[in-house]
1. Can you list the HN-Hα couplings for segment 545-551, worked out from phi with the Karplus curve (6.51, -1.76, 1.60; θ = phi - 60°), rounded to whole Hz and with x for Gly and Pro?
2. Please give me, ordered by residue number, the trypsin sites (Lys or Arg not before Pro) of segment 527-628 that lie in loop per DSSP and have at most 12 other Cβ atoms within 10 Å.
3. Let me check the size of segment 208-296 from its C-alpha atoms; what are the radius of gyration and Dmax in Å?
4. So what J values fall out for segment 355-362 if you push phi through Karplus, 6.51 cos²θ - 1.76 cosθ + 1.60 with θ = phi - 60°, rounded to Hz, Gly and Pro as x?
5. Hey, can you rank 123-129, 444-450 by average C-beta count inside 10 Å, highest first?
6. Once you have a ≥ b ≥ c as the square roots of the Cα gyration tensor eigenvalues for segment 622-690, tell me rounded if a/c is under 1.5, and otherwise prolate or oblate according to whether a/b is larger than b/c.
7. What's the FRET efficiency of residue 619 with residue 561 using the Cβ-Cβ distance as r and R₀ = 30 Å, to the nearest 0.05?
8. With label points built 7 Å along Cα→Cβ from the Cα atoms of residue 687 and residue 329, find their separation and express it in nm.
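What follows draws every value from the coordinates through simple rules; no lab data is involved. Values in this document were obtained by computation on a predicted structure and should not be read as measured data. Heads up, the Cβs are rebuilt from the backbone with ideal geometry, glycines too, and the neighbour counts pull from every protein chain shown.
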Amino acid sequence: MTTKGVLVAAIVLVASASGFSQASQPENPKTVVPQPAAQAPQASTTDAKKEADRSTSYYHYSLAHMYEELAATYGRAEYATKAVDEYKKAIEADPTSEFLNSSLAELYAKTGRIRDAVLEAQDIIKRDPKNVEARRLLGRIYLRSLGDMQAGTQSENILKLAIEQYQNIVKLQPDSIEDHLVLGRLYRLGEDRVKAEQEFQTAVKLQPSSEEAVTTLAILFTDEGDYTRALNVLEAIPEKERTSKIYSTLGFTYEQKKDYKKAIANYSKAVEQDSDNLDALRGLAQNLLNDGQSAAALEKYKQIVDADPQDAQTYMRIAEIYRKDGKYDQALDMLKKAQIVVPDSLELPYNMAVIYEGLGRYDDAIQTLTTLVQRNQRAEGVYSPGERNNMSIFLERLGTVYREDRKPQQAVETFRKMTSLGDDATSRAYQQMIETYRDNRQWKEATEVAQEAAKKLPNDRGLRMVLASQEADMGQPDKAIAEVKSLLTGKSEDREVYVALAQMYSRLRRWKDAEDAIASALKVSNKQEEKDYVNFVAGSIYERQKKYEQAEELFRQVIANDPKNATALNYLGYMMADRGVRLEEALNYIKRAISLDPQNGAYLDSLGWAYFKLGKYDLAEENLRKAVEKSNDDPTIHDHLADVYQKTGRLKMAIAHWERALDGWNKTVAAEVEPADVAKVQKKLEAAKVKLAREGTAAQQ
């Protein structure tokens, strides 16, 4: 829900009036009709007429009130109609009664006759501009209308009318905290934050201990990113007077500030005060997760679904924790429970497709995602912003699954469909197509798509860097590097430019330039996740130079900050296994990576290679064969599998895989090839052929 949506909901909740219940209706409800009151003795003709009019008015008002209650009890429209008729007769007998006019207006509002209610309230205000109840009724009607409307010119007009009424109300009753809060929310909905703050501040001054006023003002500051003022407002309440809601708002503010430990502390206090406050418990669980305490978060989420088995969102949170822990079957079970609650959800089947992908059930993932794409398809390609975003997500995941299932053509065709969606989807589509062609070693096609993308989106920095990287790989490094350097602005956005330069220099084996570029990237990295990624790239640069100690230190830093960083876990484990050092520790790192992404061919290769180094050739062969199935064109995997066959005396099979390794390197660009590795494989292949020939000769003799 958008911020505006939340505000409208909050305003409507504050101002909503009770409607009629739809209770079961009796066939012949027994009613008691009040009799006219006895008339007092007449003092004069004029007084007698007035008394008669009042008596008549009261009689019809009593009938109107009775029918109104019957309508509320039984939900029958005819009672509401009779109530209206009786109110009109009562007003006819006593036309100066503002009470009767207000009651009729309220009845119109309750029974959905909004136009009549508005006209009646406006008539009252014309006669008596200081009639607060009529203005409040009119204001409530406008608020309800706002909640039912889509954004647009009409809703803006209704918002102005609502603001006008509440401006008058707070002038007439300046001590009403609730009305100041409603007016402040209306100003905020209209994006007039200065006036909104003034109204919220007024409410706090009127009652400094008001939970509603304090939290509303604090949330305004939090949404503006002014966490200091938000915390000052909340912490001005003495601890002994803080309610569960105030502690929850403190927790929310610290969460936005990314101070997760203080968020946890305040949400914990909110839950201690009110164990039934599931919103506070959700906040606590989320911040435990933010703080990396996934096991503790999981326990809290389980408490939530125990208390509220209809909370589909929490089932999905639990499923996400299980998925990130590599517990795909348990994650799938949680999603199926959520699906019972919200069978029409788009998010649920999408998450199921992600699980199917993790389990290697590509056909199921493809079928699920294809169905989602069809459900979200719109005639002539006309989408709302939300529908367009959904379509881009579904298509991108579907293309990724095709790529992992070694169906590159279907992947490219799927990504191509995203280009018509515009905005960021077009950029992502081109990057995914380029990556697909690169994975399939179709370098020419990758470059052509990169050129097409840069031409279509000339201001897209990311695509310009991708094209430059392609050009560098295809033999135009100086031009490519100059293009990327031209994107430097001296701002924080330079981080991604420096990273791109470092990777390009590394592929060109310009080590000093690569180290300088990645050091510059680290200087402009602010968030921890940015620093972790930069350190990972730096570690890979050091590893390629065989500076293993520096590389290992950086990979360990990344893992310390993010224990579930599968890429770093695999890289560190493989680097250690390849050198034959601390093999059991290396195996543990790789297993952790595999548990997080069990279908990753590179990780399976690392696992098989670690087993080979440990002399466990059966396990080595098992995992390397799986790796070949996932990444059939990877020369390194074929080299590793050939070593296993050579070690176990199957020279013909070893020779076949070494030949495939050399063939793969011959089809790739220079940046992807380590000449020393190629020379080593060539030497092993020749030796194996000689040995096989000798064994054949010996067998003949």
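1. 8, 6, 8, 5, 5, 5, 4
2. Details: sites: 527, 531, 544, 546, 547, 556, 564, 579, 582, 591, 592, 613, 616, 625, 626; in loops: 527, 546, 547, 564, 582, 616.
For trypsin sites (Lys or Arg not before Pro) across segment 527-628 that sit outside H, G, I, E and B with at most 12 neighbouring Cβ atoms in 10 Å, the list reads 527, 546.
3. For segment 208-296, the Cα-based Rg and Dmax read 12.2, 39 Å.
4. 5, 4, 4, x, 7, x, 8, 5
5. The most tightly packed comes first, giving 444-450, 123-129.
6. oblate
7. 0.45
8. 4.4
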